[in-house]
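A short write-up of the structure that comes next.
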Amino acid sequence: MTAVATRQIQFREALREAMSEEMRRDPRVFLMGEEVAQYQGAYKVSQGMLEEFGPRRIIDTPISENGFAGLGIGAAMMGLRPIIEFMSWSFSLVAADQILNNAPKMLYMSGGQFGCPIVFRGNDGAGGQLGSTHSWAVEGLFSNVPGLRIAIPSTPYDAKGLLKTAIRCDDPVFFLESERMLGNKGPVPEEEYLIAFGVADIKRAGTDCTIVSFGRPVHFCLEAAEKLAAEGIECEVIDGRTIRPLDIDTIIESVKKTGYCVVVDQSWPFGSVASEVAAQVYERAMDYLDNRVYRVCSDDVPAPYSKVLEQAMLPHAGKIIEAVKKATYLA
Amino acid sequence: MAIEIKMPRLSDTMEAGTLVKWNVKEGDKVEAGQVLADIETDKATMEMPTYDAGRVAKILCPVGANVAVGETLMILAEEGESIEQAVQSVGVGAGEPAAREAKTGGARQHEARGISESTSTATIMKSKSDAGAGAASAATSNGSDGESASGRMLVSPLARRIAEENDLDLNAVKGTGPQGRIIKRDVLAALGQDASAAAAAPSKAAPALSASAPLLITPTNLGGKVSLSSMRQTIARRLVESKTTIPHYQVSVSVNADPLLDLRATLNEQLASQNVKLSVNDFLVRACALAIHQHPHFNAAWKGDSLLIGEHINVGVAVALPEERGGGLVVATLRDADRKGLRQISAETKALADKARGKGLSLEEMADSTFTISNLGMFDVDFFTAIINPPNAAILAVGAALKKPVVRNDELAIGHEMACTLSCDHRIIDGASGARFLQTLKGMLENPATLLV
């Protein structure tokens, strides 16, 4: 970053900049989804883009995820670079066959004849009292599928750099944003930059316990680390930034240093991203662990509608502090 | 080619053994069949013979080390092979201390075989414990912070690695983690590194607590640590298992011991020339065996969805071991006690007890009891209760025959009374059945002539 004071922009602006820059750079890129054009984006991510790029590249769709996801996949196979916006990843489930069975397998099943360079993006995780069916955190479910990439940024800076990489990627990318973070502001430089996939970011350095997280819960980890530091426990908070590929090397390096590991993940615990990270830590750093790996996930229940219950069900700083203390034998 | 001698599996349940003693040293010539070392398992201390002749090239396991089955304990050089060649072929540095990983090198793998009855090399089991260890109630566990309830030492992988890198014996480290797990801070404290940080860590996290707590438990103020013998671990494990999984209840009866003491005195007087001296316990063994005949459920074992009634009535007798030999207790088994006369019971019990206190009982001599007697009469104990010795259904706790004011023939008199307390597994034996068994037993003991026929 530059020495001059970096401008602060919102997460949604960072996403918009990434898409707009890539669309200016590459005429094959287009955006398609519900209310992305006339309404300027259901969450105002694509605000102003219709005006700049016109209706042939900013395309409103009917409420038909299965249809427009498939349309995008076909376009990608034929050489375009679609960005498909799901208003919520919860709605992607009706397009499961397209996004899980077609996109990630096309290159393999066509013997390399057809690639599928497509970005699916939208809000992931609990948006706040949206009920069980609209509060999906899909990373646990979708990271089980080979052939796709999953990016899950936690800051405007990461969001922009990762989305630009996603749009240039030759494989299908699932780009997981959060409704709750779209208004978050953060430093994003004017000049162009890209962030490679599979490179974690150490959001806070520490020596006493490694905390690994992805997406929105990274902020809860930082909050927990702040409070723990006041008690003399210095946590290292690693933001994986992409789940596939997973930057396990950075995690292992940190665990070897601290001896303790807590994984925080907003998916449900059974077969979660946290479970996978824990398994890989055991596989590669068993002899460096002074305790078992602790997981902080969403509770194993459908997301409640009640505000209080929903908060209780999701990972939060209190749960993370408790896990770190248990992991480090301080509780 | 060098021969690797590995930790043998000496029992079905053995996972690791403690090397108690080396009977040979590096450079010694050994013959096939020669005992190389004494190995303490979870059940007994046994001798480990070699099946090959050779010269001891390298001892890899220090005395006192607990070693997993299959790990190399020593390297034997074959005839015509130099010690250096042998060590080299296995790939262990000559100066390397106690390398315990199993090396494969060019060496022939040789696992010292376990004990089999047909082994003519007289593999004697110097048993110190178990099979029936832990019958009497007096044996309560001190527990240990270094071992879990299951008796296995818990160590975090990191702590184990640091200990290995520093040649630290983990048996000497006190674990402060959950279930006494040895963790990094414990090992560092034992190594004298960063011990202050280790001690400070908990208080750092909870300053309010340490300020108000009158006693901060740290590894430094807990006094001397005593490592547990395998027997002590076994007693702890089995008795916790018994007391926490078997629904115990007790029934007591007071036995008029006068007829028994009179008969015993008469018999002993007559048999003195034959060097026979019957003890009260001998009568008890015989009486219990005969009573079990009438109450076959007392010979049963709980199998979860069924009962297994023993074919043979094998009465176990709890034998306390001398304090100077580390204490503890074992249960010696008198097989088919119902088919043996008092004289035979007496002779066998004496022989087993002497052996238990001396070189120790074999696994066989401690196995298969179906009912146990724990007698603390020799300590003038009035009354006590005992913990069932799994998989038995019951155990009889016998106090001393003490002089007491008693009512005999509706008159107050002085007589000997002996308290017998039965602990029963309620899954197998209901209260009334327990009471009926004691009634039978009391009848026999108060009319001891029935025990002679």
With r as the distance between the Cβ atoms of B:GLU26 and B:LEU271 and R0 = 51 Å, compute the FRET efficiency 1/(1 + (r/R0)^6) and round to 0.05. 0.40
Would you mind pulling out the separation of the Cα centroids of segment B:4-33 and segment B:342-379, in Å? 29 Å
How do B:275-281, A:247-253 rank on mean C-beta neighbours within 10 Å, highest first? A:247-253, B:275-281
Considering amide H positions built from the backbone, and no H for Pro or chain starts, which residues 5 or more places from A:ILE211, or on another chain, come under 5 Å of its amide H? A:GLU236, A:VAL237, A:ILE238, A:VAL262
Which lysines, on any chain, are close to A:LYS185 with Cα under 27 Å apart, when same-chain ones fewer than 8 places away are left out? A:LYS44, A:LYS160, A:LYS164, A:LYS203, A:LYS227, A:LYS307, A:LYS319
Suppose R0 equals 45 Å. What FRET efficiency, 1/(1 + (r/R0)^6) with r the Cβ-Cβ distance, do A:VAL308 and A:SER110 give to the nearest 0.05? 0.35
In nanometres, what is the gap between the two model label sites at A:ARG28 and B:VAL381, each 7 Å from Cα along Cα-to-Cβ? 8.8 nm
Restricting to chain A, what percent of DSSP beta bridges are antiparallel, rounded to 5? 20 percent
Rounded to 5, percent antiparallel among DSSP beta bridges of segment A:201-327: 20 percent
I'd like the mean, over residues of A:288-295, of how many other protein chain beta carbons sit within 10 Å of each residue's own Cβ. 5
Kirkwood Rh over Cα pairs of segment A:1-55 into Stokes-Einstein at 20 °C, 1.002 mPa s: D in µm²/s? 176 µm²/s
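What share of the DSSP beta bridges in the protein assembly as shown is antiparallel, in percent to the nearest 5?
60 percent
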Could you state the number of Å between the C-alpha centres of segment A:32-71 and segment B:383-402? 83 Å
How big is the Rg/Rh ratio for the protein assembly as shown, C-alpha atoms only, Rh by Kirkwood, two decimals? 1.15
How much FRET efficiency would the formula 1/(1 + (r/R0)^6) give for A:TYR282 and B:ALA435, where r is the Cβ-Cβ distance and R0 is 41 Å, rounded to 0.05? 0.15
For chain A, what D do you get in µm² per second when you plug the Kirkwood radius from alpha-carbon pairs into Stokes-Einstein at 25 °C and 0.890 mPa s? 122 µm²/s
Please list 3J(HN,Hα) in residue order for segment A:221-237, calculated via the Karplus relation 6.51 cos²θ - 1.76 cosθ + 1.60 where θ = phi - 60°; whole Hz, with x for glycine and proline. 5, 5, 5, 5, 4, 4, 5, 5, 4, 5, 9, x, 9, 9, 9, 9, 9
What are the semi-axes of the equivalent ellipsoid for segment B:313-453, taken as the square roots of 5 times the Cα gyration tensor eigenvalues, largest first, in whole Å? 27, 19, 16
Could you rank the peptides B:244-257, A:79-92 by their average count of other C-beta atoms within 10 Å per residue, with the highest value first? A:79-92, B:244-257
Taking H placed 1.01 Å from N in the peptide plane, check which residues at least 5 places from B:TYR249 or on another chain put their amide H under 5 Å from its amide H. B:CYS424, B:HIS426
Post the alpha-carbon centroid distance, segment B:57-92 to segment A:171-232, in whole angstrom. 53 Å
Can you list the HN-Hα couplings for segment B:249-257, worked out from phi with the Karplus curve (6.51, -1.76, 1.60; θ = phi - 60°), rounded to whole Hz and with x for Gly and Pro? 9, 10, 10, 10, 9, 9, 9, 6, 8
List B:GLU411, B:GLU164 from most exposed to least, where exposure is judged by having the fewest other Cβ atoms within 10 Å. B:GLU411, B:GLU164
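Once you have the Kirkwood Rh of segment A:25-69 from its Cα pairs, apply Stokes-Einstein at 20 °C and 1.002 mPa s and quote D in µm²/s.
Result for D is 202 µm²/s.
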Shielding of B:179-186 by partner chains, average beta-carbon count, 10 Å: 3
Using amide H atoms built 1.01 Å from N in the peptide plane, name the residues 5+ places from B:ASP28, or on other chains, whose amide H lies under 5 Å from its own. B:VAL56
Provide, in order from the shortest bin, the percent of all Cα-Cα pairs of segment A:8-187 in each 5 Å bin, continuing until the bin that contains the maximum pair distance. 1, 9, 18, 23, 23, 15, 7, 2, 0, 0
Can you list the residues of segment A:118-135 with backbone N under 16 Å from a point 7 Å past the Cα of A:CYS169, pointing along Cα to Cβ? A:118-124
Computed [θ] at 222 nm, deg cm²/dmol, the protein assembly as shown (DSSP H ≥ 4; -39,500 (n - 2.57); rounded to nearest 500): -9000 deg cm²/dmol
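Every number here is computed from the coordinates shown, using simple stated rules; none is lab data. Keep in mind that what you see is a predicted model, and the values were worked out from it rather than measured. Virtual Cβ from ideal backbone geometry, glycine too; neighbours counted across all protein chains shown.
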